[in-house]
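Each reported figure results from applying straightforward, stated rules to the coordinates on display, with no laboratory input. It should be emphasised that the depicted structure is a prediction, and the values quoted were computed from it without experimental measurement. FYI the Cβ positions are ideal-geometry reconstructions off the backbone, even for glycines, and counts take in every protein chain you see.
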Amino acid sequence: MESVLIIRYGEISLKGANRHYFEDTLVKNIKSRLKNYPGLNITKGDSRIYLEPGNNDPQTLLAELTGVFGVVSVSIASRFPAELEQIYNAARQAVARTLQERPIKSFKVQSRRGNKQFPLESLEISRRVGAAVLEAFPQIEVDVHHPDLTVYVEVRELAYVYTEKIPGPGGMPYGTNGKALLLLSGGIDSPVAGWLMAKRGVVIEALHFHSYPFTSERAQEKVFELVRILCRSCLQIVLHSINLLEIQQAIKASCPEEYFTIISRRFMMYIAEAIADRRKCQALITGENIGQVASQTIEGLQVTNAAVRLPVFRPLLAMDKREIVDWAVKIGTYDVSVEPYEDCCTVFLPKHPVTKPRLEKVAALEAPLMIPTLVAQALAKIETQVFRA
Ligand code: ATP
Ligand code: MG
């Protein structure tokens, strides 16, 4: 009897002709995630992936795997020849292990027969395995509706027994859905927006605007830390940093105060699109959310959007703040995001930003600003770093 990890990947198995591409990318991503664990053996089969752990601790591998995009769930199973006595044995061992960890009063057996050569149907397998377990542990009983423990039996080429299915993030394998540029502030929202798009297989590149020396080095360090956290799921992220201060000063000098934020945001979009084009990113991603702040009214988003030709993805658009915070906690960015360092948006923040900007008005106000020159000057001082998991 050997230990093997069963890695399930739901949605990809529906992808028809492209299925192999998605599966192979998932296998590749799993391999790079586990590159520091020697002696692993990974195989595809039965619409899942099997991982033989070698001398590594299966629990440690499981913890890594449940962070890989595309993974729906993972189980640590015993694997052995498809033979009834061995299945009974494995089921009893699984129950004994559970009883050492926690008290249980009831169980059920859930079986699947993938190998139709096997003489018993799945219901009959469950019935017999259940009886074998009851014989060994008379203190527990069968409860098919609300059992304290489910013993899963799968009869395929070989047989598998396990008791837990630990959920992964789901989504699509990273790298299977193009590439987009994430506008990453130090706030709560944008790291979550990036993570959610990455979960759908989109490769993320990041762009951060600072106003150094008005914003501190510590504020930039905070963004680096957020990128490092995102790298746990994305393996590698290219981060571009741009100093927005000169542009902010130009806007402040010539535009009415209440238009400062919306025009700054349009400049962010101009610069983002130029970088996206250079770096072959096919879309922009922001953490914008309808109604959250003055620049995120529907009129504000309309005016921001009109600055660029690329699609702008806003995966948080319809979420409540509470939901966004829950995601931030879940993906591990929250504690860093709430560190109190000045963001470039808080430099020159107007007291009463326009909440219903009109595009013609905004365009007329920013027209005298020599936009291409300002954008080119900011781009000339771009700093680019690569972060790796
Ligand atoms: P966040 O929590 O992501 O900062 P927010 O609710 O504070 O979002 P804004 O400050 O209005 O909202 O920013 C909206 C979006 O614009 C951000 O989610 C982010 O995508 C982008 N953005 C804002 N500031 C910056 C910045 N300094 N660098 C890069 N992108 C930024
Ligand atoms: Mg912000």
Report, to the nearest 10°, how far helix 321-331 tilts away from the longest principal axis of the Cα atoms in the chain, using its own Cα long axis and a range of 0 to 90°.
60 degrees
Show me the ranking of peptides 159-169, 375-385 by mean Cβ neighbours inside 10 Å, starting with the highest.
159-169, 375-385
Restricting things to alpha carbons, find the Rg to Rh ratio for the chain using the Kirkwood radius for Rh.
1.11
For residue 192, the net charge from surrounding residues (Cβ-Cβ under 13 Å; K, R +1; D, E -1) works out to 0
Ranked from highest to lowest mean number of other Cβ atoms within 10 Å per residue, what is the order of the peptides 140-148, 279-287?
279-287, 140-148
Rounded to whole Å and sorted largest first, list the principal axis extents of the Cα atoms in segment 154-304.
74, 33, 28
Highest average packing first - 361-370, 177-186, 75-84, Cβ atoms within 10 Å
177-186, 75-84, 361-370
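Starting from the Kirkwood Rh over alpha-carbon pairs, what translational D in µm² s⁻¹ does segment 238-351 have by Stokes-Einstein at 4 °C and 1.567 mPa s?
The Stokes-Einstein estimate is 83 µm²/s.
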Give, in whole angstrom and from largest to smallest, the semi-axes √(5λ) of the equivalent ellipsoid of segment 1-115, with λ running over the eigenvalues of the Cα gyration tensor.
27, 18, 14
Normalised by the number of residues in the chain, what is the relative contact order in percent for Cα pairs under 8 Å and 6+ residues apart?
17 percent
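May I ask you to compute the full-extension gain from residue 144 to residue 106, defined as 0.36 nm times their residue separation minus their alpha-carbon distance, rounded to one decimal in nm?
Gain on stretching residue 144 to residue 106: 12.8 nm.
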Percent of Cα pairs exceeding the 14 Å cut-off, where the set is segment 103-150
51 percent
With the crude spin-label approximation of a point 7 Å out along Cα→Cβ, what separation in nm comes out for residue 225 versus residue 278?
2.9 nm
Nearest 10 degrees, 0 to 90: what angle lies between the long axis of helix 371-380 and the longest principal axis of the chain (Cα atoms)?
60 degrees
